[in-house]
Amino acid sequence: DWLVSENKTVRVLDALCATGVRPRRWRREVPCQERLRITANDLDSDALSWAKKSHETNPIGDNIRWIPEPSRFAKEQEGIVEDGIQWVNEDAKKIMVECPFQWIDLDPFGSPVNFLDAAIQSISRIGVLEVTATDTAALCGSAKTSAARRYGSVGITDSYMHDDATRILLGVIARIAAMHDKSMHPILSLFDGHHVRVSVLLKRSKEVASNWNDQIGYRIRSQPYHFAPQPTGEYSGPMWTGPLFDAEIAGRMTIEKAIQLCAGKEDDYPEDWDEVDIEHSRREIERSVRHISQSADLLSQEHLLIAIDDLGIAAGIGQIPSMKKLKSGLEERGFKMARCHMPEPMFATDADWQTVLEVARLAK
Ligand SMILES: C[S@@+](CC[C@H](N)C(=O)[O-])C[C@H]1O[C@@H](n2cnc3c(N)ncnc32)[C@H](O)[C@@H]1O
């Protein structure tokens, strides 16, 4: 009900759906199906036929039916609804400009920049935009010309490059949102494996959008770093310097909840799956949310992010300190500490750098 008023429907778009795996999972896993209006789109007609075929072969079977409303400018909508999903074979930008949605997923090949403006325009008064970016060389700072062209940013390929990548993408979304009088509030922002994935809430508000620049800045490499509105010395950015998570929402993403919602039921498993495949699939679900709920509180506020591998050198102890001892040492001093969902072992804390060094020296 924070998205639409009570009992109203929620229009959801997978703008680049390929095999249709995501909209089909929305159909299976999201509660309150009667309120969802799922549109799945792909420009590639082969991909779309494949997606429709797989939906037909493995139906959801809950008899959900709905008729698409006319889009903006009273135009008839393209595509037909089959078993609760409206399948459309169009350019994603055209659909997003023509129809308002409350939830949009963008998962293109490479950079999402082509689609951001249309997606942000499409989001209604309030809505959620989820974006995947796989052009990590540009976002992490190794492909410098692409980074400058696409994101107007510079990067440094050090321990902070994955956090920088996430923040650079958020910064561009916040900028485009402000152009359309919308403010951006991160819900969940992660670097996972080979991609960046961010989910943000967009709200129409000229007043808040006017201050978008307050949370944009540069990561200055000091000891270990700080954010500043202007670049000096060695820096990466510009990027989003505000919170990365919404504590309330990300805090609920526990392993137990993910297994409960996403693990297949006995009937869902392919016939040729054995115990090993089932276990592997559960482990993947676990891995995808590990550390999210524990770090939700810290990542939704100002925090210091530290790579454990760098800390040993910085503290002059010649070895990597134990994560467990660091946690108890920081907590004994009244600070919070949580391991983050990152490709390399990193943790967030609300302690200052001197305290972290002091605790690291005792945590060998
Ligand atoms: C990375 S894949 C999407 C993968 C999918 N989300 C999944 O989880 O399996 C990108 C898709 O975007 C489609 N695509 C590329 N440009 C498009 C456009 N302008 N409009 C709609 N679809 C497009 C491609 O055909 C491709 O299927």
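The values are calculated or read from the model by the stated rules, or taken from the named source; none is laboratory data. Treat the numbers as computed from the prediction; the structure is a model and nothing was measured. Virtual Cβ from ideal backbone geometry, glycine too; neighbours counted across all protein chains shown. To get the accessible areas, we keep the full protein, side chains included, count just its heavy atoms, and leave off ligands, DNA and RNA. Shrake-Rupley method; radii C 1.70, N 1.55, O 1.52, S 1.80 Å.
Consider the range 189-208 and keep the residues that are more than 23 Å from Asp1 (Cα to Cα) and either of a type in the set (A, V, I, L, M, F, W, C) or touching a His at 6+ places or on another chain (Cβ under 9 Å) (or both). The one that is modelled with the lowest pLDDT is Asp192. Ala247 passes every criterion in (1) open to solvent by less than 30 Å² (accessible area, probe 1.4 Å); (2) of a type in the set (A, V, I, L, M); (3) more than 16 Å from Gly171 (Cβ to Cβ); (4) at pLDDT 95 or above apart from (1). Need pairs with beta-carbon distance below 7 Å; first residue in a helix (DSSP H, G or I) and within the range 31-54, second within 13 Å of the ligand (Cβ to nearest atom) and of a type in the set (Val, Ile, Thr); sequence gap 6+ or separate chains. Note: pairs meeting the criteria are Ala47/Thr19; Trp50/Thr19; Ala51/Thr19; Ser54/Thr19. For the range 131-145, the criterion of being within 16 Å of the ligand (Cβ to nearest atom), crowded, with 19+ Cβ neighbours inside 10 Å and closer than 20 Å to Ser183 by Cβ is met by at least one residue. Against the condition in a strand (DSSP E or B) and assigned by TED's automatic domain parsing to the domain that holds Pro224, how does Leu201 come out, does it pass? Yes; evaluated as a whole, the condition is true for this residue. When the range 1-22 is filtered for residues that are within 16 Å of the ligand (Cβ to nearest atom) and out of contact with any strand residue (DSSP E or B) (no Cβ under 6 Å at 6 or more places or on another chain), the ones remaining, listed by number, are Leu16, Ala18, Thr19, Val21. Do you know which residues across the range 95-104 are part of a strand (DSSP E or B) and either over 24 Å from Ser5 (Cα atoms) or among the β-branched types (Val, Ile, Thr) (or both)? Across the range 95-104, the qualifying residue is only Ile104.
For Leu326, the criteria (1) more than 29 Å from His185 (Cα to Cα); (2) open to solvent by 30 Å² or more (accessible area, probe 1.4 Å) hold in every case but one, which is (2). For the range 100-116, the set of residues classified as open to solvent by 10 Å² or more (accessible area, probe 1.4 Å), more than 11 Å from the ligand (Cβ to nearest atom) and in contact (Cβ under 8 Å) with a residue 60 or more places away in the chain consists of Pro100, Gln102, Trp103, listed by residue number. Annotation note: of Arg65, Arg125, the sole residue that is more than 14 Å from the ligand (Cβ to nearest atom), within 25 Å of the chain's Cα centre (by Cα) and loosely packed, with under 15 Cβ neighbours inside 10 Å is Arg125. Checked against the criterion of being modelled with pLDDT of 90 or more, in contact with a Leu (Cβ under 7 Å, 6 or more places away or on another chain) and polar (S, T, N, Q), the range 57-75 has no qualifying residue.
If the condition is being more than 9 Å from the ligand (Cβ to nearest atom), part of a loop (DSSP other than H, G, I, E, B) and among the charged types (D, E, K, R), then the range 77-94 contributes Glu78, Asp83.
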